[in-house]
Amino acid sequence: MEIIDNIEIFFLQNEDYNDIKNAMLEVYPNMVEASWNEKEIRTLIKKFPEGQVGIRIDGELAGCALSIIVDHTKFEAKHTYKQITGDSTFNTHNPKGNVLYGIDVLIRPKFRGMRLGRRLYDYRKELCERMNLKSIVFGGRIPNYHKYSKEMSPKEYIEQVRKKEIHDPVLDFQMSNDFHPKQILKGYLEGDKDSNEYAVLLEWNNIYFEKPTESASVNKKIIRLGLIQWQMRPYKDLDEVMQQAEFFIDAVSGYRSDFALFPEFFNAPLMSKYNHLAEPDAIRKLAEYTSEIVNRFRELSISYNINIITGSMPEIVNNELYNVGYLCKRDGGVERFEKIHVTPDEERIWGLQGGDTIKTFETDCGNIGILICYDVEFPEVSRLLADRGMDILFVPFLTDTQNGFSRVKNCAQARAIENECYVAIAGSVGNLPKVHNMDIQYAQSMVFTPCDFSFPTNGIKAEATPNTEMILIADVDIDLLRELNQFGSVRNLRDRRKDLYTLKQK
């Protein structure tokens, strides 16, 4: 995979037409006459700008998605593409309708295999939820049907695709993205010989849909966290480690998580081949993998459309050894964080140095902070982050005993209360008998909340099974933090006595 500097979803503008036209010619070489002309694209953008989006990679158009809103009661019966688009006038678009209707999604061939189609569908789902629409529907082509049309009906073909006995690139993709066949549309798209002019009406239902009422409603910002409780075990090489990492990323992104959090020193098993060396030399050999691991996580964050917090790894800077991690954003950006406080054991055995960077990170899900293990036991650091608007604090950790875990757990929970934020901690379990100073691990990954009426009474949103390899998924509502700050039973941030004490970073 080539290195990508930036990936973004943007609203299509009239001046993008030439790029759109060229993309359509690449994607539909056998259906040139069906391509949208400039007037039609301009009409779509004018009628429903939020529904027309493109995706750029390093400034180049990679694909786009076009849609309208319809009153679905008028199109519940069988219809054609020409009818649903109003013969390309789009006079069927109804801002007061209840269904988002997909007109087209296309990804240029050179950009396929990067899950960009799923990213565009995720945007549509978020748009559907935000606009409180009942569902997303569209007529899906079945381009491989012409190969089987003499031996089976469209209904039989769809059933074979569902059973994975026949591969259909379009229908397989749609069903893997939670779209369900609703009915067969005959004569849907004139000239679509590959599908014998058949299509499948596919539907995705918005489970958050609420019938419009006269009462006021507030849109909540819900962020989904995916925590990886990593099993320490022998791995043959880096490829094997990253294969396991990708498995977990695939799992949490499959639940539409916004973040994946890995533990501190999750890559420690790679030190086993250097166990004959002294501990300081072995961990410096481990540091040689860090750059490659970050590059692979960056590719995975783009490919799976998820922000990845890489846990932490050793890194050598100017011949000094640090404990660092990276935030790999799904837009292609990468940011670095450091462990500020190293433990006595890390300093004595490995020669680790403490970092000096304290900052928050802007993401597409708001402002976050990241502290590595021991750092969460120092309240000053997280308070500095809270003063900079942190909503979620992520803590990758590594503890060998229940004593050590209890320190991390109890301090993390205190940070959630005093800073009016969510705190997510993720650790490793298992053992590494062939790695010195990394023999045993104890962990229970958890998500903590403030303690008030809008949150769990014990301040624990979710918790994994102790010492078991697993993932933990939890949703956190950012608007609840805003309400807490204004109307909470107690207000730990607002009620500080700044007339008596202050905290500032040197």
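Each residue of segment 98-112 is assigned a 3J(HN,Hα), and the resulting list reads 10, 9, 8, 9, x, 8, 6, 9, 9, 10, 4, x, 5, 10, 6 Hz, derived from the Karplus form 6.51 cos²θ - 1.76 cosθ + 1.60 (θ = phi - 60°), x at Gly and Pro.
Each residue, residue 278 and residue 132, gets one label point 7 Å from its Cα in the Cβ direction; the gap between the two is 6.8 nm.
Simple rule: put +1 on each Lys or Arg Cβ and -1 on each Asp or Glu Cβ in the chain, find the dipole, and look at 176, 99, 453; the Cα lying farthest toward the positive end is 99. Here r is the Cβ-Cβ distance between residue 503 and residue 172 and R0 is 35 Å; the resulting FRET efficiency, rounded to 0.05, is 0.05. Let me know the shape class of segment 352-465, please: from the alpha-carbon gyration tensor, a ≥ b ≥ c as square roots of the eigenvalues, rounded when a/c is under 1.5, otherwise prolate if a/b is greater than b/c, or oblate. It is oblate, given that a/c is not under 1.5 and a/b is not larger than b/c. Model label sites at residue 76 and residue 348, defined 7 Å from Cα along the beta-carbon direction, differ in position by 7.4 nm. The calculated FRET efficiency for residue 164 paired with residue 115, based on their beta-carbon distance and R0 = 22 Å, is about 0.70. From the Cα gyration tensor of the chain, with a ≥ b ≥ c the square roots of its eigenvalues, which class applies: rounded if a/c is under 1.5, or else prolate if a/b is larger than b/c, or else oblate? Because a/c hits 1.5 or more and a/b exceeds b/c, the chain counts as prolate. Anisotropy class assigned to segment 222-487 is prolate, per the alpha carbon gyration tensor with a/c at or over the 1.5 cut-off and a/b larger than b/c. A protection proxy built from the mean count of other Cβ atoms within 10 Å ranks the segments 375-382, 273-280, most packed first, as 375-382, 273-280. Using 0.36 nm per residue and subtracting the Cα-Cα separation, the extra length available between residue 207 and residue 434 on full extension is 76.8 nm.
On the basis of the beta-carbon distance and an R0 of 35 Å, residue 26 and residue 240 show a calculated FRET efficiency of 0.40. Taking amide H as placed 1.01 Å from N in the peptide plane, residue 183 has its amide H under 5 Å from the amide H of 201, each at least 5 places away in sequence or on another chain. Taking 16 Å as the cut-off, the amide N atoms of segment 249-271 that come nearer than this to a point 7 Å along the Cα-to-beta-carbon line of residue 287 belong to 265, 268, 271. Charging the Cβ of each Asp and Glu at -1 and of each Lys and Arg at +1, and nothing else, the dipole of the chain about its Cα centre rounds to 960 debye. Taking each DSSP H run with n ≥ 4 as -39500 (n - 2.57) and averaging over every residue of the chain yields -8000 deg cm²/dmol at 222 nm. Straightening the chain between residue 359 and residue 42 buys 109.8 nm, computed as 0.36 nm per residue apart minus the Cα-Cα spacing. Phi-derived couplings, Karplus 6.51 cos²θ - 1.76 cosθ + 1.60 at θ = phi - 60°, listed residue by residue for segment 445-458: 6, 8, 10, 9, 10, x, 10, 7, 4, 7, 10, x, 4, 9 Hz, with x used for Gly and Pro.
Rounded to whole Å, give me the distance from the Cα center of segment 450-506 to that of segment 258-319. Distance between centres, Cα-based: 29 Å.
Peptide packing: for 358-370, 481-493, the average count of neighbouring Cβ atoms within 10 Å per residue gives the ranking 358-370, 481-493, highest mean first. When peptides 133-143, 399-409 are sorted by average Cβ neighbour count within 10 Å, with the highest value leading, the order is 133-143, 399-409. Summarising the strand pairing of the chain, around 75 percent of its internal DSSP beta bridges are antiparallel.
Working from Cα pairs under 8 Å separated by at least six residues, relative contact order for the chain is 11 percent. For segment 239-249, backbone phi angles converted through the Karplus equation (6.51, -1.76, 1.60; θ = phi - 60°) give residue-by-residue couplings of 4, 5, 4, 6, 5, 5, 4, 5, 4, 5, 4 Hz, Gly and Pro being listed as x. Say a paramagnetic label sat at a point 7 Å from the Cα of residue 380, along Cα to Cβ; which residues of segment 345-366 have their backbone N under 18 Å from it? Backbone N within reach: 354-360.
For residue 196, the residues 5 or more places off, or on other chains, whose built amide H falls under 5 Å of its own are 146. Every Cα-Cα pair in segment 7-205 was counted, and those over 29 Å apart are 18% of them. Relative contact order, whole percent, for segment 14-88 stands at 23, derived from Cα pairs under 8 Å and 6 or more residues apart. Where both bridge residues fall in segment 7-205, DSSP classifies roughly 90% of the beta bridges as antiparallel. The simple spin-label model puts a point 7 Å past each Cα toward its Cβ; for residue 406 and residue 18 those points are separated by 7.0 nm.
Read-outs: derived from the displayed coordinates by stated rules, not from any lab. Everything numeric here is computed off the predicted structure, so don't read it as measured data. We place every Cβ from the backbone using ideal geometry, glycine too, and count neighbours over all the protein chains shown.
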